[in-house]
1. Would you please give the residues with an amide H less than 5 Å from that of PHE112, counting only those at least 5 places away or on a separate chain, with H modeled from the backbone geometry?
2. Please compute the modelled spin-label separation between LYS237 and GLN214, points set 7 Å along Cα→Cβ, answer in nm with one decimal.
3. Through the Karplus equation 6.51 cos²θ - 1.76 cosθ + 1.60, θ set to phi - 60°, convert the phi angles of segment 145-155 into ³J(HN,Hα) values in whole Hz; use x for Gly and Pro.
4. Among all stretches of the chain without exposed trypsin sites (Lys or Arg not before Pro) (DSSP loop, at most 16 other Cβ atoms within 10 Å), which one is longest?
5. Full-extension gain between ALA196 and VAL244, please, as 0.36 nm times their residue separation minus the C-alpha to C-alpha distance.
6. For a test of the definition: using alpha carbon positions, the gyration tensor, and the 1.5 limit on a/c, classify the chain as rounded, prolate or oblate.
7. Take the alpha carbon atoms of segment 49-127, find their center, do the same for segment 157-226, and report the distance between the two centers in whole angstrom.
8. Using the basic label-point model (7 angstrom from Cα toward the beta carbon), what is the VAL84 to ARG186 distance in nanometres?
Amino acid sequence: MGSYLDGGSIRAPRKCAAIIFYVSFCMARKHLRAVLFGPQGSGKGTQGRMLADYFGVPLIGAGELFRAEIQEKSALGKLVKSYVSRGALVPDELANAVMQKRLKAIHLDHGFLLDGYPRNVDQAESLDTIVKMNLALQIKISDVESLRRLLGRRQCMGCKAAFHAEDYPSTKPNVCDVCGQKVVQREDDNEEVIRARLAAYHFMTEPLASYYRQQGVLLAVKGEQPVPSLYEELVRKIRKLGFVPAKKSV
Ligand SMILES: [Zn+2]
């Protein structure tokens, strides 16, 4: 029997503490299984890319999955194309079938950030049958700010460089800083189209907030702030929930 002064018995609790620390650290390493939603102009695309990179999870864009299905020319893909090609909304049953098929083919165990799906509560319920989210990110901006951001968007006709009439205009009016070609407003960036999309967002997509709040996974943030400060706030709040960044090779 070793006394308390015995070297071995002093080291043992330390080893034990180290193991407990290691185990709790590993258990704390939970992977993001997140969805991201917000109105057009909320900056969710940009934030999604940066957050996926920071937390080391793939960013899954629903649009890409739909395009892949169309390209594959599967029965589902052909059906999707028949709606998309005439500018119609893909019905929930079809959208859910495509996402079920595509997501089941992706290894989701190590986390992901999903953008562009679900767009309504029915779709969220369908998604829940494949994988349960542990975080739903909602970026909120007012309609006024959404309109201001989208109506100010300008794009170079040549190199497609992006500008904003108020926030980051080209040095010379309507002339691209990168290639010198003409900078224009995109055709679908008109007030009527944007207002219709915002109305659809409020009616269909926004109810996701209460759906995910009930599941206890909603994190809503105000998007009316510069990109870096919104990113900083999101990272801080997501980390506070116990998600840790990917190992950086620094
Ligand atoms: Zn250009």
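What follows draws every value from the coordinates through simple rules; no lab data is involved. Being a predicted model, the structure only gives us computed values, none of them experimental. Methodologically, a virtual Cβ is constructed for each residue, glycine included, from the backbone with ideal geometry; neighbour enumeration extends over all protein chains shown.
1. Placed amide hydrogens put LEU32, ARG33, ALA34 under 5 Å from PHE112.
2. Modelled inter-label distance: 2.2 nm.
3. 5, 4, 4, 4, 5, 6, 6, x, 5, 10, 9
4. That would be 187-246.
5. Full-extension gain reported as 13.4 nm.
6. Judged from the Cα gyration tensor, the chain comes out prolate (a/c at least 1.5, a/b above b/c).
7. Cα centroid to Cα centroid, the span is 21 Å.
8. Distance between the two pseudo-spin positions: 1.6 nm.
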